[in-house]
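Accompanying notes for the structure given below.
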Protein chains: 2
Amino acid sequence: MKRAFDRVLLAHGSGGRLTRELIEDSIFPALENQFLKPLSDSAILPELPAGRPAMTTDAFVVDPPIFPGGNLGHLSICGTVNDLAVAGARPLWLTWALILEEGADAELINACLQGAREAASAAGISVVAGDTKVVPKGRGDGIYAVSAGLGVIPPGLQLSDDLIEEGDVIIASGPLGDHGATIMAARHGLESNDLQSDSAPVNHLTEALVGSGIDVHAMHDPTRGGVTAVCNEVAERSGKRIVLKESSIPVRPQVRAACELLGLDPLSLACEGRFLAWVAAKDATRSLEVLQGYESAQGAAVVGSVAARDVQQAPVVLETTIGGERPLDLLSGSELPRIC
Amino acid sequence: MKRAFDRVLLAHGSGGRLTRELIEDSIFPALENQFLKPLSDSAILPELPAGRPAMTTDAFVVDPPIFPGGNLGHLSICGTVNDLAVAGARPLWLTWALILEEGADAELINACLQGAREAASAAGISVVAGDTKVVPKGRGDGIYAVSAGLGVIPPGLQLSDDLIEEGDVIIASGPLGDHGATIMAARHGLESNDLQSDSAPVNHLTEALVGSGIDVHAMHDPTRGGVTAVCNEVAERSGKRIVLKESSIPVRPQVRAACELLGLDPLSLACEGRFLAWVAAKDATRSLEVLQGYESAQGAAVVGSVAARDVQQAPVVLETTIGGERPLDLLSGSELPRIC
């Protein structure tokens, strides 16, 4: 009789019989598709549609791995789908590698497999290749996952921070900071019924936006480092000044409350199912209309604009609700480890 | 003054200023290329050449991470290049994600970055996207790396275990078991001047073989589980019987000696710079000529052949030097964890 999988053993990662059982009994049922199934050295895929290919990868080590609104598996698929989506690419194929810790229980692994399955299904993509390794107890933390993805940018679509112009508006696809606040609250044992991660694929939203004839110049997803990090990078690459308007930035009350309690800035918190778009001012209203046509982007809002920048000026500023202006600097990063 | 990087801090993985410094001061100089440099959400690539795309991924957790003949960084690039190469694909673009442990010293990280650079250069590929995460001390083991790769199988090339025929010969591109023996010897504190990993990209060899008009039916790289695991998988997928001839299998004396000391079977040990090719018998000699034209494949040899299989027969057998026949079963896998 086959031994049931209830805890991860070192042998599950050694390429032998137990590795095969783990793959065939647990991983395949979650992710099965015609490309993954042959279980050979590489997945052989159909020729790509016309356009420029885009590739990306992300490692996920979030602590805790299961949290309100998602889990490490769900997050790891969304992260790579979203990095492709904001580059203007239609995500096509993903790879997914797991580093499991000896002794991790099946419940954790299966929850993450189920999460990956749901995210892949929501995004409309397939995981076509994978790998599983096991590290000894105390050399991992239950489960780490690394996803990589391939997408194609349709012919004619150009997105680049170089295309951002003075006067462009910045649109957020929904409330900000939910994922980061949820993880930090969970880590500090704070309970809240309505605080949950925004972990979700955004590719249907980005495709709708760029497919609607709107003059989109650039898109980015505010993950690690949040809106602050993304806006600083955009300011640096574009040479422009990013002006965010505090009163227009959608932050859920429960996220704001958690931030106040924990001393965090919602603008530095990771989102995992939101994106920012830099669009021509003339298309601001139309952009909101397109996004708000989707359940997941009901809270889309114009959160700022682009201005010229003098050398002395801070690259990113927040116009506060009390009428002041506060520079938003890149954090050194020590505050929020393992948020994704 | 910028703080010099001498140990990995948690903040190096948080997406803030220290993450940027790690990337710009250490990772870019090792891997720099025009696609990686923009450091955006995805790498935007030129359109692919004609043919079917192939994708693969591998996680690397080898212990120890630095070993005679290579390191985890070198290995992680070779592993993905080789999985593409044996599928008949020309490797084009790789992604590379690192999971670093807080407190890991710069020497280890830099050795692995240098290894990745050398392997990428030897294979002629670029690492176009990456990610770096840091886990707390005691939740990792210095460095783990996950590579994923995209290649293209040229039009007209068909490789598949389904194409393997009775009478085909099996060619090994060089001596077997070097990587596995080296890791196991290092882990047991056995020193040997001439025992070293075979970690190397094989794509130039596979391209030469399939490009020379030889009737190649399938290729595989014997990594985890070694020749035994690969041959069992091939036997299962092809429905044929694999007959290996012990006296023809190239195993270096120092590998054989380490195996005897440690109670290991060289045929179950991982190689990381070798491949097996199933070719039509008429092309056996020509295959060896092509491979032996390369320094790294001087030791290429015909190691076995393909026969019909009856239901009762073992799928993979070894004809021993003393004239007997020994079935080669897939290991449960518990003997050799973290070999790659």
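Within region A:1-21, restricting attention to residues that are modelled with pLDDT of 85 or more and more than 10 Å from every other protein chain (Cβ to nearest Cβ), the residue that is surrounded by the most Cβ atoms within 10 Å (Cβ to Cβ) is A:VAL8. Going through (1) out of contact with any Ser or Thr (no Cβ under 6 Å at 6 or more places or on another chain); (2) buried (at least 17 other Cβ atoms within 10 Å of the Cβ) one by one, A:VAL290 falls short only on (1). Residue count for region B:188-220, restricted to those that are under 13 Å from the mean Cα position of the chain (by Cα), farther than 18 Å from B:LEU92 by Cα and in a loop (DSSP other than H, G, I, E, B): 3. Of the residues making up region B:15-69, those that are of a type in the set (A, V, I, L, M), free of Cβ contacts under 8 Å to residues at least 40 places away in the same chain and farther than 27 Å from A:GLY140 by Cα are B:LEU39, B:ILE44. Considering only residues in region B:114-155 that are among the polar types (S, T, N, Q) and crowded, with 16+ Cβ neighbours inside 10 Å, the one that is farthest from B:HIS217 (Cα to Cα) turns out to be B:THR132. Any residue in region A:306-326 that is open to solvent by less than 20 Å² (accessible area, probe 1.4 Å), under 27 Å from A:LEU157 (Cβ atoms) and in a loop (DSSP other than H, G, I, E, B)? There is no residue in region A:306-326 that is open to solvent by less than 20 Å² (accessible area, probe 1.4 Å), under 27 Å from A:LEU157 (Cβ atoms) and in a loop (DSSP other than H, G, I, E, B).
Using the structure shown, decide if B:ASP194 is surrounded by 24 or more Cβ atoms within 10 Å (Cβ to Cβ) and in the same structural domain as B:GLU233 (by TED's automatic domain parsing). Here the answer is no, as B:ASP194 does not meet what is asked. Of all the criteria given as (1) touching a residue at least 24 places away in the same chain (Cβ under 8 Å); (2) of a type outside the set (Phe, Trp, Tyr); (3) on the phi < 0 side of the Ramachandran plot, the one not satisfied by B:PRO253 is (1).
For B:ASP141, are the conditions met, namely being more than 15 Å from the chain's Cα centre (by Cα), more than 13 Å from chain A (Cβ to nearest Cβ) and assigned to a loop (DSSP other than H, G, I, E, B)? So B:ASP141 does not fit the description; no. Only one of these conditions is not met by A:THR285: (1) of a type outside the set (A, V, I, L, M, F, W, C); (2) open to solvent by 60 Å² or more (accessible area, probe 1.4 Å); (3) within 21 Å of A:ARG90 (Cβ to Cβ). Which number is it? Here A:THR285 meets the rest and fails (3). Entry remark, region A:64-79: residues being away from every other protein chain (no Cβ under 12 Å) and among the polar types (S, T, N, Q) number 1 in total. Within region B:261-293, being at pLDDT below 95, part of a helix (DSSP H, G or I) and more than 21 Å from the chain's Cα centre (by Cα) holds for B:LEU261, B:LEU262.
Note on region A:317-340: residues that are touching a residue at least 24 places away in the same chain (Cβ under 8 Å), more than 14 Å from chain B (Cβ to nearest Cβ) and touching a strand residue (DSSP E or B) at 6+ places or on another chain (Cβ under 7 Å) total 4.
Is it the case that region A:213-224 has a residue that's more than 20 Å from A:TYR294 (Cα to Cα), among the β-branched types (Val, Ile, Thr) and open to solvent by less than 10 Å² (accessible area, probe 1.4 Å)? The answer is no, given that none of the residues of region A:213-224 is more than 20 Å from A:TYR294 (Cα to Cα), among the β-branched types (Val, Ile, Thr) and open to solvent by less than 10 Å² (accessible area, probe 1.4 Å). B:GLU260 falls short on exactly one of the conditions (1) open to solvent by 20 Å² or more (accessible area, probe 1.4 Å); (2) within 20 Å of B:ALA235 (Cα to Cα), and that condition is (2). Annotation note: of B:SER42, B:SER26, the sole residue that is open to solvent by 10 Å² or more (accessible area, probe 1.4 Å), touching a Leu at 6+ places or on another chain (Cβ under 7 Å) and closer than 30 Å to B:ARG187 by Cβ is B:SER26.
Among the residues that make up region A:156-163, is at least one of them among the charged types (D, E, K, R), more than 13 Å from A:LEU269 (Cβ to Cβ), more than 12 Å from chain B (Cβ to nearest Cβ) and open to solvent by 40 Å² or more (accessible area, probe 1.4 Å)?
So far as region A:156-163 goes, no, none of its residues is among the charged types (D, E, K, R), more than 13 Å from A:LEU269 (Cβ to Cβ), more than 12 Å from chain B (Cβ to nearest Cβ) and open to solvent by 40 Å² or more (accessible area, probe 1.4 Å).
With respect to the conditions (1) of a type in the set (Val, Ile, Thr); (2) touching a Cys at 6+ places or on another chain (Cβ under 9 Å); (3) at the interface with chain A (Cβ under 8 Å from one of its Cβ atoms); (4) over 17 Å from A:ALA59 (Cβ atoms), B:VAL61 lacks only one, and its number is (4). If you check A:ILE66, A:ILE77, which single one turns out to be at pLDDT 95 or above, open to solvent by 30 Å² or more (accessible area, probe 1.4 Å) and of a type in the set (Val, Ile, Thr)? From the options A:ILE66, A:ILE77, the qualifying one is A:ILE66.
Within region B:94-115, not a single residue is in a helix (DSSP H, G or I) and facing chain A (nearest Cβ under 7 Å).
The values are calculated or read from the model by the stated rules, or taken from the named source; none is laboratory data. Note that the coordinates shown come from a computational prediction; the quantities given were computed from them, not determined experimentally. A quick note on method: Cβ atoms are made from the backbone with ideal geometry, for glycine too, and the neighbour counts reach across all protein chains shown. Only protein heavy atoms, including side chains, enter the accessible area calculation; ligands, DNA and RNA are left aside. Shrake-Rupley method; radii C 1.70, N 1.55, O 1.52, S 1.80 Å.
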